[in-house]
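The values are calculated or read from the model by the stated rules, or taken from the named source; none is laboratory data. Please read these numbers as outputs of a predicted model, since none were measured by experiment. Counting neighbours? That spans all protein chains shown, and the Cβs are built from the backbone with ideal geometry, glycine included. The area values use the complete protein model at the heavy-atom level, side chains included, leaving out ligands, DNA and RNA. Shrake-Rupley method; radii C 1.70, N 1.55, O 1.52, S 1.80 Å.
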Amino acid sequence: MRKGEPRMSAADYKLDDADRRILRVLQQDGRITNQDLASACNMSASSCFERVRRLRERGVIIGYTALIDPKFAERELLIFIEVLLDRTTSDIFDQFADRIRRSPEVLECHMVAGGFDYLVKVRMKDMAAYRVFLADTLITMPGVRETRTYAVMEEVKDTSVLPL
């Protein structure tokens, strides 16, 4: 796959056992050296390097990131918000999605089926900061008719690791 070409779909590329071993290790430690990764996966360094390169090129590995403890970023309050739009037209969906993408407080936003249109995940300093975000940002977005807020009291599990 060349730079600029669309990524493969999951139907176009099936992971084998070696790919899955590599991905399990990388999900736990994205900064592991190729030599240590190869050793952990019982393969040669060169074949491991080539597989990781291929996994990146095919869009299986979409990036690497540092995970930050929210308290050090003064973002300890985790909130989920149900958003109900007043109209469900493609232009409203597009406008809402564009504004959400430009809101740094929003960590995740998912269009959902059911009793509301979007589920939004934000991290805030405190409830006062959330109230400002809600009043000045979220409810001013195109099409927003109603929101329901759920402040998290305890994070029981928080992971980005996919089971392989």
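Counting only protein heavy atoms and a 1.4 Å probe, the chain has 69 square angstrom of accessible area per residue. Given their separation in residues at 0.36 nm each and the Cα-Cα distance between them, Tyr150 and Arg24 gain 42.1 nm when the chain is fully extended. The gain in end-to-end length when the Lys121 to Met8 segment is fully stretched comes to 37.8 nm, 0.36 nm per residue minus the alpha carbon separation. Using a Förster distance of 25 angstrom, determine the FRET efficiency expected from the C-beta separation of Ala66 and Asn34, and round it to 0.05. The formula returns an efficiency of 0.85 here. Rg over Rh for the chain works out to 1.06, both radii taken from alpha-carbon positions and Rh defined as the Kirkwood radius.
From the Cα gyration tensor of the range 36-76, with a ≥ b ≥ c the square roots of its eigenvalues, which class applies: rounded if a/c is under 1.5, or else prolate if a/b is larger than b/c, or else oblate? It comes out oblate by the Cα gyration axes. Relative to one another, the C-alpha centroids of the range 1-72 and the range 129-164 are positioned 30 Å apart. Listed peptides 12-20, 81-89, 39-47 appear in the order 81-89, 39-47, 12-20 once ranked by packing, highest mean of other Cβ atoms within 10 Å at the front. Placing +1 on the Cβ of every Lys and Arg and -1 on the Cβ of every Asp and Glu, with no other charges, gives the chain a dipole of roughly 520 debye about its Cα centre. Its Kirkwood hydrodynamic radius, worked out from the mean inverse distance over all distinct Cα pairs, puts the range 33-119 at 17.1 Å. Whenever you get a sec, compute what percent of the accessible area on the range 50-164 sits on carbon and sulfur atoms (1.4 Å probe). Carbon with sulfur: 52 percent of the solvent-accessible area.
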